[in-house]
Amino acid sequence: MNRAPWMRIQEDIVCRAYYKRTFPHEFENPHDPIPEDRCKVADVQGKLAKLRGWDQTFSCLPSIITAVPYGVMADKYGRKIVMFLSLLGIIMSLVWQVNIAYFSQYIPIEWYWAGNVFLFIGGGSAVVKSMCFTILADVASEESPLFFGFNAVYLIGGVFAVPASWYLMKQGVNPFVPMTVSIGFITLGLLVVVFIPETLNRTQVPDPAEGMSSSDIDSEDEGGLLSASKKPTFISVMVRKVEEVRFIFASPMLLALTITFLVQSMHAVSMQLLFQFASERFHWSLADSSFLIPLSSIANFFILVVAFPAIYSLLTSQFGLSAAAKDLIVSRGSVFFSIFGALFIAVSPIPSLLIIAIIIYSFGNGFTSSARSLITSLVRPDQVSRLYAVLATLDVIGTIISGPLLSGAYSWGLHIGGLWSGMAFIVLAVLFSVTCLPIFFFKLPEIEVEED
């Protein structure tokens, strides 16, 4: 709900600074609105893209630093407390950013980047996603469609939130209003977390000290990790579990799949850039171009709820493939759609072709769910939370790489002009190709055909 309003707020601030610098006698009154179509110049849009791209990078730093410690905390104290802290940090970060934007006449807009410091409380959205999938893994079987269902529910939110945001903006409501409402919804989610049941016990994770011989405990005690009472501390558990992440590197197959999860953040980054790209190319308002979000959400919802379950059912009934084999096939197909869809978006000269390109691109959205389901089947239940913490770390690494890279490519393409304004999506297709290459060399460790 806050994407278009927040971008419009940022665009107005950058646009006002641009005209103050280049045409100081125009729009002298800070309370006079600047027509949105006057803000579609390359300098404004390029600065806006870079501003948002670097914000995505800075927002990743707390997650990449804290993902594993919070994963350990989730294993020891439960999923709810980590989820609660993550949402609290996000709320505090948004409140800071809104206040910086509101007082942008006195404070440089770049100071809103500092709000990402609050994301150290809970680790940010990457840890929220990690905890959501960890909770699903706690209660779902390998064959369960809950991973796709969760993504589908997430997409439904965009279908309803964006039209509400569009209506408010079209009615001339200050963009700060939908921003405030979105913060209110996140706060409501924070309260919901308090009442959901804890799922940690469902995994039947053994006590960290269980399964260790007395010699193991003594050797760790000599290293100073355990107290004299031999009772594991939080620090000792965290150190041990960080060491246990080595299981990913011990298996070439698992490592190959893990690397491909760099791609999951690229879809999110590209959607952040998509409606700014459409607004500039077709001279739409940000409110109008924001309808590309529910369009993509509807396409993704259909794909995740109808298309992919049908494909999975077909692969089972006609070919008798195992769950892992089906996940692998869907993952590979999703990569092809992501690459072709990104290239099609880049060169679409008219809105109708762009819509078709977005639908094609949406078929690549199943990669994360199918690949996550596949990789979950390759590890033990007591390794799932730590595995997902690593995947969350890869998610933010992908954002660190793709955020500034795509925004820089977009800014470069804008200054070249023409269809080159889609340069960001050409670069995106290249990133998909390189990052997902391991999925095509991955071989299943077991027989793909289920025995009757």
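The values are calculated or read from the model by the stated rules, or taken from the named source; none is laboratory data. Please read these numbers as outputs of a predicted model, since none were measured by experiment. Methodologically, a virtual Cβ is constructed for each residue, glycine included, from the backbone with ideal geometry; neighbour enumeration extends over all protein chains shown.
Points to keep in mind about this one:
To keep it simple, each residue is scored yes or no on (1) surrounded by 23 or more Cβ atoms within 10 Å (Cβ to Cβ); (2) at pLDDT 85 or above; (3) not in a helix (DSSP H, G or I).
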position	(1), (2), (3)
Ala310	no, yes, no
Lys326	yes, yes, no
Val384	no, no, no
Ala392	yes, no, no
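- Boolean, Gly320 is of a type outside the set (Lys, Arg), touching an Asp or Glu at 6+ places or on another chain (Cβ under 7 Å) and surrounded by fewer than 20 Cβ atoms within 10 Å (Cβ to Cβ): yes
- Residues in the stretch 311-332 that are among the small types (Gly, Ala, Ser), in contact with a helix residue (DSSP H, G or I) (Cβ under 8 Å, 6 or more places away or on another chain) and either within 27 Å of Phe425 (Cβ to Cβ) or without any contact (Cβ under 8 Å) to a residue 24 or more places away in the chain (or both): Ser331 only.
- Among (1) in contact with a helix residue (DSSP H, G or I) (Cβ under 6 Å, 6 or more places away or on another chain); (2) modelled with pLDDT of 75 or more, the one test that Met238 misses: (2)
- Of the residues examined, Phe291 is one that is at pLDDT below 85, closer than 28 Å to Gly413 by Cβ and over 19 Å from the mean Cα position of the chain (by Cα).
- Residues in the stretch 78-88 that are surrounded by fewer than 24 Cβ atoms within 10 Å (Cβ to Cβ) and free of Cβ contacts under 8 Å to residues at least 60 places away in the same chain: Ile81, Leu85.
- So Leu437, is it surrounded by 12 or more Cβ atoms within 10 Å (Cβ to Cβ), at pLDDT 90 or above, within 30 Å of Ala325 (Cβ to Cβ) and not β-branched (Val, Ile, Thr): no
- Residue match in the stretch 19-36 (condition: in contact (Cβ under 8 Å) with a residue 24 or more places away in the chain, crowded, with 17+ Cβ neighbours inside 10 Å and either in contact with a Cys (Cβ under 6 Å, 6 or more places away or on another chain) or charged (D, E, K, R) (or both)): yes
- Looking only at the stretch 73-88, residues that are under 21 Å from the mean Cα position of the chain (by Cα) and either farther than 26 Å from Gly184 by Cα or not hydrophobic (A, V, I, L, M, F, W, C) (or both) come to 3 in all.
- Near pairs, Cβ below 6 angstrom, 6+ apart or cross-chain, from the stretch 62-73 (more than 16 Å from Leu88 (Cα to Cα)) to any residue that is assigned to a helix (DSSP H, G or I) and basic (Lys, Arg): Gly71/Arg386; Val72/Lys241
- Within the stretch 333-357, residues that are surrounded by 20 or more Cβ atoms within 10 Å (Cβ to Cβ) have Cβ atoms under 9 Å from residues that are among the charged types (D, E, K, R) and in a helix (DSSP H, G or I) in these pairs: Ser348/Arg281; Leu354/Arg281, counting only partners at least 6 apart in sequence or on another chain.
- Of the residues making up the stretch 239-261, not one is surrounded by fewer than 21 Cβ atoms within 10 Å (Cβ to Cβ) and within 30 Å of Leu419 (Cα to Cα).
- Of all residues in the stretch 98-112, those satisfying the criterion of being in a loop (DSSP other than H, G, I, E, B) and touching a residue at least 24 places away in the same chain (Cβ under 8 Å) are Ser104, Gln105.
- Test: residue in the stretch 173-187 that is at pLDDT 65 or above, at positive phi and more than 25 Å from the chain's Cα centre (by Cα): no
- Only one of the numbered conditions (1) assigned to a helix (DSSP H, G or I); (2) touching a residue at least 24 places away in the same chain (Cβ under 8 Å) is not met by Leu136, and that is (2).
- The numbered conditions (1) over 17 Å from Asp395 (Cα atoms); (2) at pLDDT below 90; (3) of a type outside the set (Lys, Arg); (4) in contact with a Phe, Trp or Tyr (Cβ under 6 Å, 6 or more places away or on another chain) are all true for Pro62 except (1).
- Qualifying positions in the stretch 95-144 - charged (D, E, K, R) and touching a helix residue (DSSP H, G or I) at 6+ places or on another chain (Cβ under 7 Å): Lys129, Asp138, Glu142, Glu143
- So Ser407, is it closer than 21 Å to Asn116 by Cβ, under 17 Å from the mean Cα position of the chain (by Cα) and in contact (Cβ under 8 Å) with a residue 24 or more places away in the chain: yes
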